[in-house]
Every structure is written in structure tokens, then in C-alpha cells.
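S.K.: Dropping a structure here in C-alpha cells format, bear with me for questions.
The values are calculated or read from the model by the stated rules, or taken from the named source; none is laboratory data. Because the structure is a prediction, the values reported are computed rather than measured. Positions of Cβ are generated from backbone atoms using ideal geometry, with glycine treated the same way; all protein chains shown enter the neighbour counts. What goes into the accessible areas is simple: the full protein's heavy atoms, side chains included, and nothing from ligands, DNA or RNA. Shrake-Rupley method; radii C 1.70, N 1.55, O 1.52, S 1.80 Å.
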Amino acid sequence: MEGKVNSPADIGIIVRRKRKAGGLTLADAAAMCNVGYRFFSNVENGKPTAHVGKILQVLSCLGLEVTIMPRGWKNE
């Protein structure tokens, strides 16, 4: 699963795809990642106020990682 992330919704799309590709229910994925069902659902739905540390925990648990790379400024 790869994708450019510009918003919390983009993270949610990637997480949902990975979960479904693994054949996991939302409840199973939340338990596996040691987070609550509601939190996992909020991540998949792109809630912008979700805790970054927990999001990184979910990504790591699902075998995903975050890479930050420089890009040009918005007005370039």
C-alpha cells in the first residue's frame, strides 16, 4: 500500500485498504493494534483530531511506515 498523504482522509483510505486486504474486521484490527474500535474507525474516516502517536502505532501494527521527504514550497 502506497500513497501520497495530504490529509487525514488520505491516511484513512490507506489504513482501510490495508485492513481489508488483510481480511481483518475493524474490531479485529483495533484489537490487534491495541487501540479502541472507535479510534480505529476515526482513523479510517479521516478524523483530523486523532492522536498522531496512536496513528503511528496503528500504521506500524499494520506494517505501514511514514516517510517524510522535502518538496517545493506551495507557491513554487
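S.K.: Out of (1) open to solvent by 80 Å² or more (accessible area, probe 1.4 Å); (2) under 10 Å from the mean Cα position of the chain (by Cα); (3) among the β-branched types (V, I, T), the odd one out for I68 is which?
M.R.: (2)
S.K.: Mind counting the residues in the range 22-35 that are open to solvent by 30 Å² or more (accessible area, probe 1.4 Å), closer than 10 Å to L62 by Cα and free of Cβ contacts under 8 Å to residues at least 40 places away in the same chain?
M.R.: The qualifying residues number 1.
S.K.: Residue check: is G63 in a loop (DSSP other than H, G, I, E, B), under 13 Å from the mean Cα position of the chain (by Cα) and at pLDDT 95 or above? Spell out how you get there, then give the answer.
M.R.: Numbers: in a loop (DSSP other than H, G, I, E, B): yes; under 13 Å from the mean Cα position of the chain (by Cα): yes; at pLDDT 95 or above: yes.
So G63 fits the description; yes.
S.K.: It is to be established whether one or more residues within the range 28-47 are at pLDDT 95 or above and among the hydroxyl-bearing types (S, T, Y).
M.R.: Taking every residue of the range 28-47 in turn, at least one turns out to be at pLDDT 95 or above and among the hydroxyl-bearing types (S, T, Y).
S.K.: Follow-up question, since we're still on this one. Taking the conditions exactly as written (open to solvent by 70 Å² or more (accessible area, probe 1.4 Å) and either of a type in the set (F, W, Y) or assigned to a helix (DSSP H, G or I) (or both)), does R19 satisfy them or not?
M.R.: No.
S.K.: Kindly provide the set of residues from the range 36-60 that are among the hydrophobic types (A, V, I, L, M, F, W, C), surrounded by 16 or more Cβ atoms within 10 Å (Cβ to Cβ) and part of a helix (DSSP H, G or I), ordered by number.
M.R.: F39, F40, V43, I55, V58, L59
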